[in-house]
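Take a look at the structure below.
Read-outs throughout are calculated quantities, based only on the coordinates presented, and are distinct from any laboratory measurement. Computed from a prediction, not measured in an experiment: that's the story for all the values here. Quick reminder, even Gly has a Cβ in these numbers, built from the backbone with ideal geometry, and neighbours come from all protein chains shown.
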C-alpha cells in the first residue's frame, strides 16, 4: 500500500474537484481524505487530498509525471505530492532558552511527531547537554559580527548535507540571513512571544506589561524578510492581570510558546499548511 | 443558478468520493465545497458537499431521483439533499429566562441566521412582550400535570401547521414528550447549563458550586429520550474561582448558554451537523 | 447598616494596610472585603476595601471628613469612598449596531447590573425602537461636521442634567470630543473590535483578515485623547481560521464585543477598577 | 529582613481583619500582601497575608507563640505560618509517562519553581534516565500485589527521611494507600486526565471519545480516599472535534495535563491554596 498527500492551488474554476478525484480513481487510487478551500477575495482554489494505491507496481515518479501532464497543465495547478513513507527532516536552531527544546524533544521521543531531527544547532553551548541526553547531534555555530558570513555558510552546509526539509527556530535569538530565507521559503518556522501583529520586535512582554493588556499571546509563523510579518501558522493566548510582573508574564508566556510552536511543527510536518499571499491555509 | 447541499453516510468503501464527485460533474454540477470524515472505529464514511447547477432546466426532484437510483443504491448511502434556496423553519420554545431569547432574536433581526422563526411557544406569558417587540407570533401553551396530553397535542399541531423543521429549547423548563422526540429525531436542540456529561439534570450550577470546580460550561445537544444524554453539538466553558457564589455562576453561565446555543442553531440551520451513534460530525 | 467601598492609592510605605484597617475598626466599621496591589516598578500602593457600619448614626459625610483629616493627609492618599446604596448612573451612546445594546439592556432588565440608565443617546434613529421597548428615554443627537459643536453641547447638557457618572460607547461610531473626555476622565468606556494594541483604528476585522491571524479579539478600554490607547479594562478572544470571511469575522466578533463590554461595565459599576499611569488595576 | 506567609480560617466575625493587621503592626511587621475570602454559605472567613519583619532580633518561634496566645485563641483561628526562607520539599511519583516529568523538571531547572525535589520515586525503571540527566535521586519501588505493604513502607520511609512536605503524582499509575493519604492530608497532588467530575476513573479519554464531547479537560486535585473526588486545585480545557481519534485526544490531553499539574504545584508551593470542606480557596 502506497499513500500520498497532494496539495494543490490554482485559479478557482469549474470541475476542478471532480477532475482531480476522477484522475485518482482512474489510476486505481482510493481517496481517504479530501478538504478544500476557496479564497473568494482572490478567487484561488486550494485542496489537500490523501490517496492510497494498493498496487505493488505503483511508482511515485510515474504518478507525478502523469499528474503533471494530464491534470496540472490543463488547470494550471501549482502542486506538491508527498509520500507518506518519508518523514520530513527538521533542523532545530536554539540559543539559551530550553523550554521549547524540552517540549519538542519530549514529543519527539514519545513518537508524537512525524519527523526526523538530524541535528540541533546553536550559537551557544548551554543546551548541548540536553541534545546529548536525547542523543541528537549538536553543532555549535557562534554568530559574531565579524564571523556572520562564515556562520551562515556553516549553517547552509549543515542543512544541505543533512537534506533538511524545514527549520525550526525554537527561541533562536539571532536574525536569520536573507540567503537562508531565500533557500527555505515558508520552511523556517519561528515562535514569536506575542500575539502578532501586536508587539512586533524585541521584548514583547515588556511592551505588554507597559500597555497593560489583559491577555498575552504567542505566535508561530514562517520567517520572511520583514521582521515578524510572515504567514501565521498558529496562535494562542492566556489571560493575565495587573498582578503579573514582567517576570510572571515571561513565565506564563513560556507555556504558550512551547505549545504553540509544537502545534505549528506538527501541522507543517503533516503537510497540513499551505501558504498563499502571506497567509496560511491550515487543513484539518 | 441552483445550489444544493448533500449530506451522506455509508459504510466506508473504496471510490466513494470519486464516484460522488464524478456523478456531480456528469450532471453539470460544479462542486464548490467538499468535506468528509471517516469514523475508523465503526468504519463509517460521512460527507458534506455543496454543488451548483447553472442550467435553468435543473430540477431538484429529478436530480434526487437520479442520485438515488444511480448512486445511493449502489453504495447503500443514507443521504439528504437540501436546496440552498429554502431556509429551515425553526420553532422557539421558551419559559421565563430571556437571555437566550434576546440573543437569538437579535441575531435573527440582523440577518445572521439562515432560518425562519414562524413562532415562539411558551408555557408562561412572561416573554410575550419580547416576541411582540420582534413581531413574531407567540403561543401560550401552559403545561400542567392534568393538561399534559392536551399541551403536547397543541404543540404538535402548531409544529405541523407551520411546517417546522427543527425546534430549539431556549431554556424551556419542561421535559418534552417522547412523542415529540420521536417525531423530530435529532431535530430538537437543547441548551444544558453544564459541561456535559458533568452535572446532568437539574440545578447544575448548584452542583458545580458544591464540587468546587474551577471551570463551568454549557452544552448544546439534541434531545433524546435519556435526559441530557443526546448528541453534543457545541460546548464552551469559562473560568471561575472560589469567589463565585451560585448567583455569580448562574450569571456567568448565561453568557455561555446564549453563545453556545446560538452557535448550535447556526450549525444546524446551515446543515453542517450529522448525527451517528449518538455523536455529531460537525462540518466546517 | 451602611456599607461603603473605599479605593485608595499612594506611594508604597510601611503600615499603610494596618493603619487603614485600624481606622475602620476604631470607627466601628467591620471590614468585609480587602484587596491590595503594589506596583513594584513605580512603588505605588493600591487598595480596595468594603466596610460595614451598623450604627444608625453613621454619617457618610462625617466619615469622609474624618478619613481625610486623620488618614489621607498623613499617608498622602488619593482616595474615593462610595456608598453601596447609590447606584452609578450610566449613559449609553449608540449608533446603528444593536448587539451590544441588546446585551446590556437584557442584563439591565434581569437585575444583573448594579446601575441606572437614565437615557440612551444616538446620532441615528435606528435603535430608538429598542430603547422604547425597554422603556428608556432615547435622545437623537445627530453629529454633522457643521453641527459638531452644538451636538457636543447637547451631549454635555444631557449628561449633566441627568447626573451621569459614566458613559458607555456601545459601538458609538463617532469620535467623542476632547471636552467630553476632559469632563469624564476614565469614565468613558469604549469597546474596540480588536485585540488591542493590534489593529488600532477603523476596520480592524478587515486588517485581521488581511494579516491572516488565527485569533481575533475585543478590547474594552477607557477613552483618552489618543485613539484606542486608553487603559484596558477587559479583553477576550476567539479562535478563527482561514475559512472565515471578513463577514464571518465580524459576526464572531460581535459575540466577543458584547460580552467584553458588559463585563467592563460590571467591573466599573461595582467600583472594581482603578486607573494609574494609563493601566488598570482590576480588583476581584 | 524576615518574611512570613500566614494562612488562617475561622468562623466569620467582626473585626477579624483589623485585629490581625493591628497585631502585625504592633509587632513591627509590615504587611505587603493581604487577601481574604468569606464563604457566605458556611460563614467561614479565610485570609492570606504576607508580612515583613525588619528587626534582626525577629524570632519565628516567638512570633508563632505570641500569635497563638494573643490572637488565635481569641478568634478560634486555624492558622499556619510559613517562613519565606524555607522552600517546601516535594516528592515526585511517576510511572512510565514522561510529559509531566519533563515539564516539571524543565521549570525546576530554570528556577521557576519555589521548591526542592529531594527525590523521584517510580514503580518502574523507565524514567530513571530522565531523573539522572537532571541529577535528581531516583528510587525504584515496584508495587505488586504481594509486596504492596512493603512498597508502602518504603515510600513512607523515603518521605520521612527526606522531610517531604508534599507529594506530586505526575501520572503515577498506582492507587496510593490510605496510610499515605492520612499522613499527607491535602498534601498529595494528582493530575486527572479529564474535566472532573466528568469521566471519573480509568480511561477518561476513551469515555470522552465515546460521549462525543467537543471539549476535553484536565484536573489537578488533592487526593482523598474517594477516587477522583478530592478538592480541585486547577482545571483547564481544550477544544476538540469529531476528527480526533482516541490517540489524538490523548496527545492533546498531554498538553493540558502538564500545564495544569505544573500550575497546581506552583500554587501549592507558594502557599496560595487553602482547603475547606473538600473545596479549595486559591489566593492570587
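The table below lists the values:
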quantity	calculated
Cβ-vector label at 7 Å, residue C:110, separations to other copies in nm	1.7, 3.9, 4.0
Three-way shape label, the range C:102-198, alpha-carbon gyration tensor, a/c 1.5	rounded
Relative contact order (%) - chain C, alpha-carbon pairs under 8 angstrom, separation at least six	15
Residue A:78 versus residue D:200: modelled label distance in nm, points set 7 Å from Cα along the beta carbon direction	5.6
Shape call, the range B:89-282: gyration tensor on alpha carbons, a/c limit 1.5	rounded
Minimum Cβ-to-axis distance in chain A for the rotation onto chain D, with residue, whole Å	A:133, 2
Kirkwood-Stokes translational diffusion coefficient of the range B:76-145, alpha-carbon pairs, 20 °C, 1.002 mPa s, µm²/s	157
Value at 222 nm in deg cm²/dmol, rounded to 500, when DSSP H runs of n ≥ 4 in chain B each add -39,500 (n - 2.57)	-9500 deg cm²/dmol
Alpha-carbon Debye profile of the protein assembly as shown, log10 I(q)/I(0) at 0.04, 0.06, 0.09 Å⁻¹	-0.24, -0.54, -1.28
Whole-Å distance, taken between Cα centres, linking the range D:41-69 and the range A:1-65	71
Gap separating the Cα centres of the range D:241-284 and the range A:267-284, nearest whole Å	31
Order by protection proxy (mean Cβ within 10 Å, highest first), peptides B:144-150, B:211-217	B:211-217, B:144-150
Label spacing, shortest first and in nm, from residue A:182 to its equivalents in the remaining copies (7 angstrom along Cα→Cβ)	5.7, 7.5, 7.6
Antiparallel content of DSSP bridges confined to chain A, in %, to 5	75
Shortest-first nm distances, residue A:210 label point to equivalent points in other copies (7 Å, Cα→Cβ)	2.5, 5.3, 5.6
Highest to lowest packing among D:232-241, A:58-67, scored as the average C-beta count within 10 Å	D:232-241, A:58-67
Taking only Cα atoms of the range C:2-83, radius of gyration then Dmax in Å	12.4, 43
Peptide-level mean, for B:197-206, of C-beta atoms on other protein chains within 10 Å	2
The range B:173-245: C-alpha gyration tensor shape, a/c 1.5 cut-off, then a/b vs b/c	prolate
Peptide-level mean, for C:252-260, of C-beta atoms on other protein chains within 10 Å	3
The range C:76-122 versus the range D:105-146: alpha-carbon centroid distance in Å	55
Sequence-separation-based contact order of the range A:2-83, relative, with Cα cut under 8 Å and 6+ spacing, percent	47
Shielding by other protein chains, C:207-218, mean Cβ within 10 Å	6
Mean separation of Cα contacts under 8 Å (6+ apart) over length of the range B:156-262, as relative contact order %	25
